[in-house]
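Engineer: Starting off with a structure, shown below.
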Amino acid sequence: MPRNSSGVYSKPAGTTAVAGNLIDPTPWNSLTTDLGNEITNSLPRNGSAPMTAPLQASAGSALLPSLTFNTGATTGFYLKSASEIGIVSSAVEVATIGGYGINLGAFASKSATYTPVLADNNAVHRFTATTTVTFTPAATLGSNWRYTVIADNASVLLDPNGSETINGATTLLLYKGQSAYIVCDGTGFYAVVTQTKDSSPGFINGLITGKTSAYVVSIGAGSAKGNGLFVTNPGAFTKNLNAVWAAGSGNGGRDTAAAITANTTYHLHALINNTTGDPDFLFSLSPTAPTVPSGYSLVTRIDWCYTNATPNAIWDYTQVGNEKFLGVSTWINTTGSIADALYTLPAAIPVPGGIRTAVTILVSTASNTNGSVSTAVNDADAALANYGPVYATSTVGGVVASTANGAGGRCKTNTSRQLRMLFNISGNGGQTQVYASTVEDFTINRNY
């Protein structure tokens, strides 16, 4: 008779031999036929015949997989749940197979110091607080062990065991908004760091500034990316130009102990705290290489301010995007000609140095009694002041009566606050006046 649903075999009735009795061929033949059928229904070990129905394995466990190998009883497959198969290597689950496909590692959120273990191979962990990931020794984790860390809301310090290294260093700090894909080679770790919050090039979003008092600038909410770092300012932040830098809003902002000077450009930079990922800001004479305080890293330059002559305070301004409205300042008022050359804006006009800017230039010309005036103002890098494109030009004259004309345009300075100009004035009563009104820092990549 066949085996029951549990696989238990029961021989046919009447086939039990009795000592001293002759064997009856009928029940004996029935038994041998039955045994032959059951042997035929068994799976040959040499693989010479396939199963004719599904092979049902036991559920097993991660420690004792149900489908294993003769030389590795702890490596194989087990039924993790009704719809998931666990893949196990040396009693450690390394992947699962389910309706979602193949999952090579578990996802989890963490907010405290954590030590990843062998079972975290291919895991993805999102850290929501400032913490440290202290690694199990590389030899224990083994070659080809992989792990992903997401520094979601704070910085995360990756700290290998003892003298072991990650990317050649004893530690690796992930700033808020970064992630790292980490691979172990059995002796150390290697990481590919990416920006999870934003993958675009450097930029500034928001962070509009304003003068709140003689020496204090406010920085509005916004974010900045630069030098591979990303920082967010959640709300209003102020820095005092008239004091040496100290951490935090409302404190000093200057990167040098030297006193502020008149008619000087101070560039404003965004910083990131290396431990917390929090923002801070710094004034510097340098547009590219400020002296960064210990424990912070430079993100990018976000703005500038200009000091007046007395009492060396910040010049009044209104900022919209990258443009500052400074009021109309007289640059030149002359009745004589000037040669085609570069001319420096007066120190008292608040146009910054160290960077190129687009200055709105206004030109007014006038002449009397057959005089003539020709004026051209152009970019600093223009070949000639009156060689296209000319952004501000005005010409009058050649008639008996008095004549006047005006023009305006945006001209780009060089880093020395210069523009190219040419005035030709002839005859009687010619006059040229040049004014500067707004300044745009077009070198900042600001998102609007």
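Engineer: Are there any pairs with C-beta distances below 7 angstrom linking a residue in segment 338-349 that is open to solvent by less than 40 Å² (accessible area, probe 1.4 Å) to a residue that is not in a strand (DSSP E or B), with the two at least 6 apart or on different chains, and if so which?
Structural biologist: Short answer, once both residue conditions are applied: Leu345/Val351; Leu345/Arg417.
Engineer: Next question, about the same structure. Test Ile87 against the criterion of being open to solvent by less than 60 Å² (accessible area, probe 1.4 Å), in a strand (DSSP E or B) and not polar (S, T, N, Q), and give yes or no.
Structural biologist: yes
Engineer: In addition: Only residues in segment 18-38 that are in contact (Cβ under 8 Å) with a residue 12 or more places away in the chain count as the first member; pair them with residues that are among the polar types (S, T, N, Q), Cβ under 8 angstrom, at least 6 apart or cross-chain, and list the lot.
Structural biologist: Partner pairs satisfying both residue conditions: Pro27/Thr15; Trp28/Thr15; Ser30/Thr15; Leu31/Thr15.
Engineer: Of all the residues that make up segment 119-131, how many are within 25 Å of Tyr175 (Cβ to Cβ) and assigned to a helix (DSSP H, G or I)?
Structural biologist: Adding up the residues that qualify gives 1.
Engineer: While we're looking at this one, here's another question. With the requirement that a residue be modelled with pLDDT under 90 and closer than 24 Å to Pro234 by Cα, what does segment 117-150 give you?
Structural biologist: Selection gives Thr128, Ala129, Thr130.
Engineer: Quick check on this structure: which one of Val193, Val231 is of a type in the set (A, V, I, L, M) and closer than 27 Å to Tyr306 by Cβ?
Structural biologist: After applying the criteria, what remains is Val231.
Engineer: Something else about it: Name every residue in segment 98-118 that is open to solvent by 60 Å² or more (accessible area, probe 1.4 Å), touching a residue at least 12 places away in the same chain (Cβ under 8 Å) and not in a loop (DSSP other than H, G, I, E, B), in order of residue number.
Structural biologist: Of everything in segment 98-118, those that are open to solvent by 60 Å² or more (accessible area, probe 1.4 Å), touching a residue at least 12 places away in the same chain (Cβ under 8 Å) and not in a loop (DSSP other than H, G, I, E, B) turn out to be Phe107, Ser109, Leu118.
Engineer: Further question on the same structure: When only residues in segment 13-68 that are within 60 Å of the chain's Cα centre (by Cα) and at positive phi count, which is modelled with the highest pLDDT?
Structural biologist: Within segment 13-68, the match that is modelled with the highest pLDDT is Gly60.
Engineer: Within segment 373-390, can one find any residue that is open to solvent by 40 Å² or more (accessible area, probe 1.4 Å), among the acidic types (Asp, Glu) and assigned to a loop (DSSP other than H, G, I, E, B)?
Structural biologist: yes
Engineer: Okay, moving on. Out of (1) surrounded by 16 or more Cβ atoms within 10 Å (Cβ to Cβ); (2) farther than 27 Å from Asp152 by Cα, what's the single condition that is false for Ala259?
Structural biologist: (1)
Engineer: Going through Ala73, Ala13 one at a time, which residue ends up being loosely packed, with under 14 Cβ neighbours inside 10 Å, part of a strand (DSSP E or B) and out of contact with any strand residue (DSSP E or B) (no Cβ under 6 Å at 6 or more places or on another chain)?
Structural biologist: Answer to the selection: Ala73.
Engineer: Of Leu63, Leu43, Leu35, which residue is surrounded by 10 or more Cβ atoms within 10 Å (Cβ to Cβ) and not in a loop (DSSP other than H, G, I, E, B)?
Structural biologist: Within the list Leu63, Leu43, Leu35, the selection yields Leu35.
For every residue, the table says whether it meets (1) open to solvent by 30 Å² or more (accessible area, probe 1.4 Å); (2) closer than 15 Å to Ala214 by Cα; (3) out of contact with any strand residue (DSSP E or B) (no Cβ under 8 Å at 6 or more places or on another chain); (4) of a type outside the set (Ser, Thr, Tyr).
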{"position": "Ser249", "(1), (2), (3), (4)": "yes, no, no, no"}
{"position": "Arg254", "(1), (2), (3), (4)": "no, yes, no, yes"}
{"position": "Ser294", "(1), (2), (3), (4)": "yes, no, yes, no"}
{"position": "Gly321", "(1), (2), (3), (4)": "no, no, no, yes"}
{"position": "Val328", "(1), (2), (3), (4)": "yes, no, no, yes"}
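Engineer: Within segment 258-303, can you find the residues that are of a type in the set (Gly, Ala, Ser) and not in a loop (DSSP other than H, G, I, E, B)?
Structural biologist: Ala270, Ser284, Ser297 - these are the residues of segment 258-303 that are of a type in the set (Gly, Ala, Ser) and not in a loop (DSSP other than H, G, I, E, B).
Engineer: Among all residue pairs at least 6 apart or on different chains, which show Cβ distances below 7 Å where the first residue, located in segment 422-448, is within 20 Å of Gly353 (Cα to Cα) and the second is among the polar types (S, T, N, Q) and open to solvent by 60 Å² or more (accessible area, probe 1.4 Å)?
Structural biologist: Tyr435/Thr330
The values are calculated or read from the model by the stated rules, or taken from the named source; none is laboratory data. The structure displayed is predicted, hence computed values, not measured ones. Virtual Cβ from ideal backbone geometry, glycine too; neighbours counted across all protein chains shown. Heads up: the accessible areas ignore ligands, DNA and RNA and are worked out on the full protein's heavy atoms, side chains in. Shrake-Rupley method; radii C 1.70, N 1.55, O 1.52, S 1.80 Å.
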